[in-house]
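Before any comments, here is the structure.
The values are calculated or read from the model by the stated rules, or taken from the named source; none is laboratory data. Predicted model, so just to flag it, every value in this text is computed and none were measured. Here the Cβ positions follow ideal geometry from the backbone for every residue, glycine too, while neighbour counts run over all protein chains shown. These accessible areas exclude ligands, DNA and RNA; they are computed on the full protein's heavy atoms, side chains included. Shrake-Rupley method; radii C 1.70, N 1.55, O 1.52, S 1.80 Å.
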Amino acid sequence: MDQVFSNFLNWTRQHEWGYPEQFQKRLDNGTQLTVWDSGVLVVEPDHAGDKDIILSCAVHGNETAPIEICSDIIQDIISGEQTVAHRVLFLIANPASINIEQRFVEENMNRLFSGAHSQGSKQNKERERAKEIEGYCERFYASAPKGERRRYHYDLHTAIRDSKREKFAVHPFTDGKPYHREQLQFLLACGVDTILLNQQPTTTFSYFSYNTFGAQAFTVELGKVKKFGENNRADFQAAEDTLRRLVGEQVLSFPEFEPEQHFMFAEAQTINRQHEEFELNFADDVANFTAFDKGDLLAIDGGENIYAQHDGEHIIFPNAQVALGQRALLTVIRVPTESLELV
Ligand SMILES: [Zn+2]
């Protein structure tokens, strides 16, 4: 058991696809630690505040900066250096993919939520793990103290390519529900000034938490993929500091809300690869959030030309190598923050 708590990440990496036993430890300051599985740690302070917070990393195993940040916060909680004001569930989602330094082992885990893990005939360990993780989220929110609770989930990532807007977050499809000013302020404090508003349900982890549990949930892209030890942690300092405040402070305060500080983008086109013959009409190293004009050729899918439909249509997450039927490119257009319904 000592090994579990002396370095939770290392222990997790030694048990890639789970661990059958649970562990508990009570810290001197009264905080209760419970390990539900490898990579799954529940932290409950003595007098928990009203937030139930999920912090997840390694849904993509090669995105190491968020893993380093979560691991450091976890170890500081265990040593008593990091105060804890609220219940927190830490999830190191896909340890096997960390160990092979790849985005995933067999299947992109961030397309396996909201039950997608059980659709079709395909079976693999990532599907099993995604299903288990859904269960842990459910259990975490359901086991909260009675009373009015506030639910949060930040799923932390780094992107494969350079980005003209280095840090950005994806807001799950709201189906008409308003956006939360405080969440934009929180993300800005993390250094994230750019928000991409999804316009339809997805099988991502953050949409699952938003839609299933009513959590304020985001996929947060904090920078670029690098190997362990190669991340410049100063680039992530604002995010780490703000996450530590989220965990450690009863009430977070932010500078006044200024709409013009937030750059909001709405989904314009989702281009799913339909044919084996698929190509993107721009170089491999074109950065995320590069803008195209109406009529510019974006991709050719089995002989069909796909064009930008708007001036100032920005590309995100281009990946011509995705499996058939999956998203090869997303395009977005700027929307004024003032035009959104904010509460
Ligand atoms: Zn990712």
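Which residues, counting only those in the stretch 197-238, are assigned to a strand (DSSP E or B), closer than 15 Å to Glu63 by Cα and not small (Gly, Ala, Ser)? Across the stretch 197-238, the qualifying residues are Thr219, Val220, Glu221, Leu222, Lys224.
Listed conditions (1) closer than 25 Å to Tyr179 by Cα; (2) open to solvent by 70 Å² or more (accessible area, probe 1.4 Å); (3) in contact with a Lys or Arg (Cβ under 6 Å, 6 or more places away or on another chain) are all met by Asp311, apart from (1).
Checking Phe257 against (1) within 22 Å of Gln183 (Cβ to Cβ); (2) buried (at least 17 other Cβ atoms within 10 Å of the Cβ), which single condition isn't satisfied? Of everything listed in (1) within 22 Å of Gln183 (Cβ to Cβ); (2) buried (at least 17 other Cβ atoms within 10 Å of the Cβ), Phe257 misses just condition (2). Just so you know, in the stretch 93-108 the residues that are under 21 Å from Trp36 (Cβ atoms) and within 12 Å of the ligand (Cβ to nearest atom) include one that is farthest from the chain's Cα centre (by Cα), and it is Ser97. For Gly49, state whether it is buried (at least 20 other Cβ atoms within 10 Å of the Cβ) and in a loop (DSSP other than H, G, I, E, B). Answer is no for this residue.
Residues checked against (1) surrounded by 18 or more Cβ atoms within 10 Å (Cβ to Cβ); (2) within 15 Å of the ligand (Cβ to nearest atom); (3) outside any loop (DSSP other than H, G, I, E, B):
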site	(1), (2), (3)
Asn110	yes, yes, yes
His117	yes, no, yes
Glu126	yes, yes, yes
Lys131	no, no, yes
Ala144	no, no, no
Glu148	no, no, no
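Quick check on the stretch 153-166. Is at least one of its residues among the hydrophobic types (A, V, I, L, M, F, W, C) and either free of Cβ contacts under 8 Å to residues at least 12 places away in the same chain or assigned to a strand (DSSP E or B) (or both)? Within the stretch 153-166 (the criterion being among the hydrophobic types (A, V, I, L, M, F, W, C) and either free of Cβ contacts under 8 Å to residues at least 12 places away in the same chain or assigned to a strand (DSSP E or B) (or both)), the answer is yes, since at least one residue qualifies. Inspect the stretch 71-90 for any residue being within 24 Å of Tyr210 (Cα to Cα), buried (at least 24 other Cβ atoms within 10 Å of the Cβ) and within 16 Å of the ligand (Cβ to nearest atom) and give the result as yes or no. No: the stretch 71-90 contains no residue that is within 24 Å of Tyr210 (Cα to Cα), buried (at least 24 other Cβ atoms within 10 Å of the Cβ) and within 16 Å of the ligand (Cβ to nearest atom). A single entry from Ser121, Ser56, Ser71, Ser97 fulfils the requirement of being hydroxyl-bearing (Ser, Thr, Tyr) and either part of a loop (DSSP other than H, G, I, E, B) or modelled with pLDDT under 95 (or both): Ser121. When each of Ala159, Ala169, Ala189 is tested for being away from the ligand (no atom under 16 Å from the Cβ), within 30 Å of Gln82 (Cα to Cα) and either modelled with pLDDT of 95 or more or buried (at least 19 other Cβ atoms within 10 Å of the Cβ) (or both), the lone residue that passes is Ala189. Select from the stretch 260-285 the residues that are open to solvent by less than 40 Å² (accessible area, probe 1.4 Å) and under 17 Å from Ile333 (Cα atoms) and list them in ascending order. Correct list: His262, Met264, Phe265, Ala266, Glu267, Ala268, Gln269, Ile271.
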